[in-house]
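The values are calculated or read from the model by the stated rules, or taken from the named source; none is laboratory data. None of the values given here were measured: they were computed from a predicted structure. Cβ sites come from the backbone with ideal geometry, for glycine too, and all protein chains shown count toward neighbours.
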Amino acid sequence: MYDTIAIERDALGVATLWLAREDKHNAMSGQMIAELADAARGLGRDADLRAVVLAAKGKTFCAGGDLGWMRDQFEADTETRRREARKLAEMLQALNTLPKPLIGRVHGNAFGGGVGLMSVCDVVIAADHAFIGAHLFRVGVSNRQNNRRQDQNNSKTDGNGQKNKDRKVLPQHLFHDVAPFMRTRLRIKMALLNTSPGLPPPLFGVNRSCA
């Protein structure tokens, strides 16, 4: 059904939404953006689904925008640029408003648009080798746990209050837990347990029901 992503469902009602352009380090092309938007809408309508895990095949979570797609945007007219930007925004909005808990499993590199994908997850479990970077850090990045409002000044500093001029610094408001890659699945199961109905408030502050 899809060429750049894949969807797997387990018996417990958890779907894994895979970024599947591993030969391109999961860089987001126009096709991937369209397929992610369509998949998010379809998963949102699935009444049997309890939660969605956003993960990536290959060594990289997401290298950002596909270079060919970005080059096309530079060469396009203003209206085309606006249309493509709107498609990207609508894809992120579709994931952002998914009526199921969305848990990100991040490993390897996550750049540019990959950070955008992280920011619309309710919970992000990062592998301890993850390398995250984007120019967005200098202007503020929001996520749900911070009520979609990350103070711009805080986003410009690292965990020690130092100015974040080095984009290699991992911004702590973008992830909720860090674990060795082989243990990230276990951490995700723990996060799902804490979003189950009838249990105490979720460990990570997820406010969407997985009933």
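Could you grab me the full set of residues in region 53-71 that are in contact (Cβ under 8 Å) with a residue 40 or more places away in the chain, out of contact with any Gly (no Cβ under 7 Å at 6 or more places or on another chain) and not small (G, A, S)?
Listed by number, the residues that qualify are V53, K57, D66, L67.
Mind listing whichever residues of region 54-67 are within 13 Å of the chain's Cα centre (by Cα), surrounded by fewer than 24 Cβ atoms within 10 Å (Cβ to Cβ) and not in a loop (DSSP other than H, G, I, E, B)?
A55 - this is the single residue of region 54-67 that is within 13 Å of the chain's Cα centre (by Cα), surrounded by fewer than 24 Cβ atoms within 10 Å (Cβ to Cβ) and not in a loop (DSSP other than H, G, I, E, B).
Being surrounded by 19 or more Cβ atoms within 10 Å (Cβ to Cβ) and out of contact with any Gly (no Cβ under 9 Å at 6 or more places or on another chain) is the filter; apply it to region 25-36 and report the residue that is farthest from G113 (Cα to Cα). Break it down stepwise before answering.
Taking region 25-36 and keeping what is surrounded by 19 or more Cβ atoms within 10 Å (Cβ to Cβ), we get 25-29, 32-33, 35-36.
Okay, now just the ones that are also out of contact with any Gly (no Cβ under 9 Å at 6 or more places or on another chain), so 32, 35-36.
On the way: M32: 12, E35: 15, L36: 13 Å.
So the residue we want is E35.
Does region 97-110 contain at least one residue that is out of contact with any Phe, Trp or Tyr (no Cβ under 6 Å at 6 or more places or on another chain), within 30 Å of K189 (Cα to Cα) and surrounded by fewer than 21 Cβ atoms within 10 Å (Cβ to Cβ)?
Applying the first criterion (out of contact with any Phe, Trp or Tyr (no Cβ under 6 Å at 6 or more places or on another chain)) to region 97-110 yields 97-105.
Remaining after also requiring within 30 Å of K189 (Cα to Cα): 97-105.
With surrounded by fewer than 21 Cβ atoms within 10 Å (Cβ to Cβ) added as a condition, the list becomes 97, 99.
Within region 97-110, one or more residues are out of contact with any Phe, Trp or Tyr (no Cβ under 6 Å at 6 or more places or on another chain), within 30 Å of K189 (Cα to Cα) and surrounded by fewer than 21 Cβ atoms within 10 Å (Cβ to Cβ).
Mind checking whether some residue in region 1-13 is crowded, with 21+ Cβ neighbours inside 10 Å and either modelled with pLDDT under 95 or part of a loop (DSSP other than H, G, I, E, B) (or both)?
Yes; the residues of region 1-13 include at least one that is crowded, with 21+ Cβ neighbours inside 10 Å and either modelled with pLDDT under 95 or part of a loop (DSSP other than H, G, I, E, B) (or both).
Tell me, which residue of region 97-131 that is over 8 Å from the mean Cα position of the chain (by Cα) and polar (S, T, N, Q) is farthest from S29 (Cα to Cα)?
Filtering region 97-131 for residues that are over 8 Å from the mean Cα position of the chain (by Cα) and polar (S, T, N, Q), the one farthest from S29 (Cα to Cα) comes out as T97.
Condition check: of a type outside the set (D, E), surrounded by fewer than 22 Cβ atoms within 10 Å (Cβ to Cβ), modelled with pLDDT of 90 or more and closer than 14 Å to L17 by Cβ. Does L88 satisfy that? Spell out how you get there, then give the answer.
Numbers: of a type outside the set (D, E): yes; surrounded by fewer than 22 Cβ atoms within 10 Å (Cβ to Cβ): yes; modelled with pLDDT of 90 or more: yes; closer than 14 Å to L17 by Cβ: no.
Against the criterion (of a type outside the set (D, E), surrounded by fewer than 22 Cβ atoms within 10 Å (Cβ to Cβ), modelled with pLDDT of 90 or more and closer than 14 Å to L17 by Cβ), L88 does not qualify.
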